[in-house]
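Inspection log for the structure reproduced underneath, given as structure tokens.
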Amino acid sequence: MAKIKGDIVVNIERCKGCEVCIAACPFTCIAMSEEVNSKGYHFAIKVNDECTGCSNCALVCPDGVITVYRAKVTAE
Amino acid sequence: MEEKFAHPELRKPEHLVYKTTDLMVDCPLSYCPGCGHGVVHRMLMEVLEEKEIASKTIGVNPVGCSVLAYDFMNIDMLGAAHGRAPAVATAIKRLWPDHYVFTYQGDGDLAAIGTAETIHACNRGENFTIIFINNGIYGMTGGQMAPTTLPGMRTSTSPYGRDIEIMGHPLKITELIAQLPGTYYVTRQSVQTPSAVRKTKKALRKAFDLQDQKKGISFVEVVSNCNSGWKMTPVQSNIWMEENMFPVYPLGDIKVDGELVTRS
Ligand SMILES: Cc1ncc(C[n+]2csc(CCOP(=O)(O)OP(=O)(O)O)c2C)c(N)n1
Ligand code: SF4
Ligand code: SF4
Ligand code: SF4
Ligand SMILES: [Mg+2]
């Protein structure tokens, strides 16, 4: 069965840890890191495998640091 | 950092569905974490990219937090003195009528010091787009009260809340300029949720499309947050904005095709 699978890449050095993306994700895929980047901000990380590549997080990200990928994959 | 749920097999150009447009300069934005300015910049640049008009567009940046917009938008821009962007844009558009011209202004810039320029450019029916970021405060200078500050809202110059008996009412400048025959499209949007962002982009697209028709000002207000000035976290500020700003500044079209929209 074909399934839509997504992935996000966060530019962690440019993320300001505002958490706006967390509120925008329909599948609670994003949380803040425990570590901080060189500016001292916690950054967005993916915390589950539910991402569909809907791009909601990337749309609302004020700093435009999220890149989104999406593909149809055949489930094993 | 090791990513636990990474999918390298998906991270290929053929699977790319969203990335920040190259019309945004590849540099950190000067805005506070969570500030709506960055989203509006990006949607604006996406519209210019999709319309393929970046090289034919000239923007005028304001004084305010977005004074540095020329550093972030990879297009030709000119800086105007505080509040004077519509006057500068008038000159540019009249000299270069085949170019797309916009101003990008905060509420202090557009509705306080620049009220005269705003109203007269709108009344003359100039053929450019005004993008108005209403966060109800002077963000850049430390959160002073703006004409758009809500009744009761605390700012650094209204520490006990805006008392309308002394400080006057919030100025709904967007409703005001919609009354003028020189405005053709007037709308109010926001950027705190994915669907709101999509609507704002649509409105910006329409505003730039209308410049071809030369029927007057297209005016897009974006009600936005200033979490630093409001002294809230970004997520809190977006909720506060929905609960407090939207009742006073309701979202939606105010004037379409030169006709005021009647709300039921
Ligand atoms: C002639 C002049 N008067 C006052 C100032 C100080 N000043 C700079 S930005 C600003 C207001 C900015 O507020 P707004 O336009 O709402 O932009 P925001 O920072 O909230 O996006 C003021 C009063 C100035 N730079 N020049
Ligand atoms: S692309 Fe959609 S599903 Fe994936 S993390 Fe972003 S908001 Fe969540
Ligand atoms: S919205 Fe953008 S800047 Fe804010 S935490 Fe998420 S990825 Fe970082
Ligand atoms: S002070 Fe307010 S408007 Fe300015 S960048 Fe910060 S949050 Fe945005
Ligand atoms: Mg402001």
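This table checks each residue for (1) within 7 Å of chain A (Cβ to nearest Cβ); (2) surrounded by fewer than 23 Cβ atoms within 10 Å (Cβ to Cβ).
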| site | (1), (2) |
| --- | --- |
| B:18 | yes, yes |
| B:22 | no, yes |
| B:26 | no, yes |
| B:38 | yes, no |
| B:44 | no, no |
| B:48 | no, no |
| B:52 | no, yes |
| B:57 | no, no |
| B:63 | no, yes |
Odd one out for residue B:179 among (1) touching a residue at least 40 places away in the same chain (Cβ under 8 Å); (2) open to solvent by less than 30 Å² (accessible area, probe 1.4 Å): (2)
Can you tell me how many residues in region A:16-32 are at positive phi and more than 7 Å from every other protein chain (Cβ to nearest Cβ)? 1
Hey, can you tell me all the residues within region B:217-264 that are under 15 Å from the mean Cα position of the chain (by Cα) and of a type in the set (S, T, N, Q)? B:218, B:224, B:225
Quick one: in region B:197-215, which of the residues that are open to solvent by less than 10 Å² (accessible area, probe 1.4 Å) and either under 25 Å from residue B:176 (Cβ atoms) or over 15 Å from the mean Cα position of the chain (by Cα) (or both) is nearest to the other protein chains (Cβ to nearest Cβ)? B:200
Within region B:226-257, which residues are out of contact with any Phe, Trp or Tyr (no Cβ under 8 Å at 6 or more places or on another chain), of a type in the set (S, T, N, Q) and either within 16 Å of ligand 3 (Cβ to nearest atom) or open to solvent by less than 40 Å² (accessible area, probe 1.4 Å) (or both)? B:227, B:228, B:233, B:236, B:238
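Sort through A:13, A:35 and tell me the only one that's under 21 Å from residue B:11 (Cα atoms) and either polar (S, T, N, Q) or within 9 Å of chain B (Cβ to nearest Cβ) (or both).
From the options A:13, A:35, the qualifying one is A:13.
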Can you name every residue in region A:45-59 that is hydrophobic (A, V, I, L, M, F, W, C) and either facing chain B (nearest Cβ under 7 Å) or open to solvent by 30 Å² or more (accessible area, probe 1.4 Å) (or both)? A:45, A:47, A:54, A:58, A:59
Pull out all pairs, ordered by first then second residue, where Cβ-Cβ is under 8 Å, the residues are six or more apart or on different chains, the first lies in region A:30-53 and is within 15 Å of residue A:65 (Cα to Cα), and the second is in a loop (DSSP other than H, G, I, E, B) and of a type in the set (S, T, N, Q). A:43/A:37
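The values are calculated or read from the model by the stated rules, or taken from the named source; none is laboratory data. Quantities reported herein were computed from a predicted structural model and do not represent experimental measurements. Note that we place each Cβ from the backbone using ideal geometry, even for glycine, and neighbour counts take in every protein chain shown. When the accessible area is computed, the model is the full protein with side chains, heavy atoms only, and any ligands, DNA or RNA have been set aside. Shrake-Rupley method; radii C 1.70, N 1.55, O 1.52, S 1.80 Å.
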